[in-house]
Amino acid sequence: MLITFSGLDGAGKSTLIAWLKATLEQEKRPVAVLHINTHVGLYAYVRFLRDEAMRLSGVHKPPRPAVYTESAASNGGAHGLRWVYHRLRKALVWSKVLRQVIYPIDLLLFVGYRFYQERLRKRILIMDRYFYDSLVDVANGRNWGSLRLLERITPTPDVALLLDVPPERAFGRKREQPYEYLERRWRAYQVLFPLVRTAVRLPNHDLDAAKAILYRVVTERLPAS
């Protein structure tokens, strides 16, 4: 079974994923949790190699600011090679064209992850973010033709959850991204998720109510075992 969580930063994904994992494991159902940006795809591998190189060379990655500011976004006015590195990294990581090109490659890699976790290890696979979040990242609000095609070739989860928290609430909870960025992504979610046949919109204004809805949806769709 594949369960995916999508939504803005600050929507409460990590809290609900941890609760669902613990609840299912109490019912003797093995669970694996993967993060789309950390465990799956070419960017994840590049990030792993970068972190390993930094670790071996004794370089420590600076902590991410807890609150978004203009100075943090511009790397504090860094100059020289560090400035060039950050500019190059930003151009590559946020290139919409490049991300669409490697999207099918990441899908193939994910098929392997899914086969290993679901078929060989017999685990319920929970994804913290999914390919739908990647599509939202590259959406420009106008040209959805190619993105709809990519959505169609994306493996449909058994439960595709959208934590539908408005941008102002998400920004108030977790101010790591500018409000305009959150608002742009939220609008893209509203276009994308009606295309996903297993999508479930999960308001997360009340944690206990969200847990109850989440548990009901998951247990209804769990395969008999």
At the level of C-alpha centres, the distance separating the range 153-225 and the range 1-56, in angstrom, is 15 Å
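What is the packing order of peptides 186-192, 49-55, taking the mean over residues of other C-beta atoms within 10 Å and listing the highest first?
186-192, 49-55
Would you list 96, 211 from fewest to most Cβ contacts within 10 Å?
Arranged by neighbour count, lowest to highest, 96, 211 become 96, 211.
Bear in mind that the values in this text are calculations on the coordinates, not laboratory data. As the structure is a computational prediction, the values presented were derived from the model and not from experiment. Quick reminder, even Gly has a Cβ in these numbers, built from the backbone with ideal geometry, and neighbours come from all protein chains shown.
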